Amino acid sequence: MQQEFSAEDLPYVTLSKNTPEQLRLLADILGIPTALVAKGGEAELTAMVATILYRHLDQVDRRQAMEAIRNVPNRALEGRLVTLALDTTFINPQWGMWSLSNKELLQDEQFHKRLDNIAGNLGFAASGLGIWELIQKLKKRGKPGPQIGATLVIWGAVFINSSELQQTQSELKQRTESSLRSSRHYN
């Protein structure tokens with residue numbers, strides 16, 4: 001029996017019923033240029049949904065999802081979708097926030113909030129004033145010392161954590177209305 005993948009299987013509450021609008025939104029979520037889906041239809045929509053769901057499917061459904069992706073007439077889009085599905089499944093799910101389940105996203109958000117709180121409590125916030133002070137110290141000293149190098153590394157980590165937290169919260173916001181919507185594959 002052939003598995004059907006539809007936009008209703010996704011946790012996004014803002015999807016319209018209009019196929020071109022769904023294609024544009026899913027292209028944005030997946031980071032695909034809209035030009036690749038501009039003339040798309042149901043085959044492209046099904047393939048994009050299958051890509052998002054791929055890492056949550058069992059082996060049989062994954063085979064059918066890959067078949068749906070391979071049935072896309074646009075070879076550039078097909079290649080992009082295959083790469084996205086496989087990279088987030090077998091290499092790193094964090095490369096596509098869209099591939100994370102609601103539970104995984106909430107856990108990710110909690111982790112990054114904890115790190116953010118710890119950094120804030122220790123006084124490591126990459127603020128404009130702190131950076132200005134660092135630049136002034138560098139001007140006086142002439143060359144960076146180990147303290148400045150360590151400070152830069154810590155600020156870099158704080159900045160990356162903050163960026164990850166923002167991405168996670170953005171994905172959660174996109175999935176949320178009053179509560180997270182779950183689907184049969186993706187909860």
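The values are calculated or read from the model by the stated rules, or taken from the named source; none is laboratory data. Everything numeric in this text was worked out from a predicted model, so none of it was measured. Positions of Cβ are backbone-derived with ideal geometry, glycine not excepted, and every protein chain shown enters the neighbour counts. Accessible surface areas use protein heavy atoms only, side chains included; no ligands, DNA or RNA. Shrake-Rupley method; radii C 1.70, N 1.55, O 1.52, S 1.80 Å.
Summary table below
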quantity: Net +/- balance of residues flanking residue 167 in space, Cβ distance below 15 Å, scoring K and R +1, D and E -1; calculated: -4
quantity: Percent accessible area from carbon and sulfur atoms, region 17-65, protein chains only, probe 1.4 Å; calculated: 49 percent
quantity: Net lengthening on full extension, residue 42/residue 95 (0.36 nm per residue, minus Cα-Cα); calculated: 16.5 nm
quantity: In sequence order, calculated HN-Hα J values of region 53-63 (Karplus, 6.51, -1.76, 1.60; Hz; x Gly/Pro); calculated: 7, 3, 6, 9, 8, 7, 4, 5, 5, 5, 4
quantity: Under the Karplus curve 6.51 cos²θ - 1.76 cosθ + 1.60, θ = phi - 60°, whole-Hz ³J(HN,Hα) for region 16-30, x wherever Gly or Pro sits; calculated: 7, 8, 7, 4, x, 5, 4, 4, 5, 5, 5, 4, 5, 4, 7
quantity: Pair residue 104, residue 154: separation of 7 Å Cα→Cβ label points (nm); calculated: 3.3 nm
quantity: Local electrostatic count at residue 92 - Lys and Arg +1, Asp and Glu -1, tallied over other residues with Cβ under 15 Å; calculated: -3
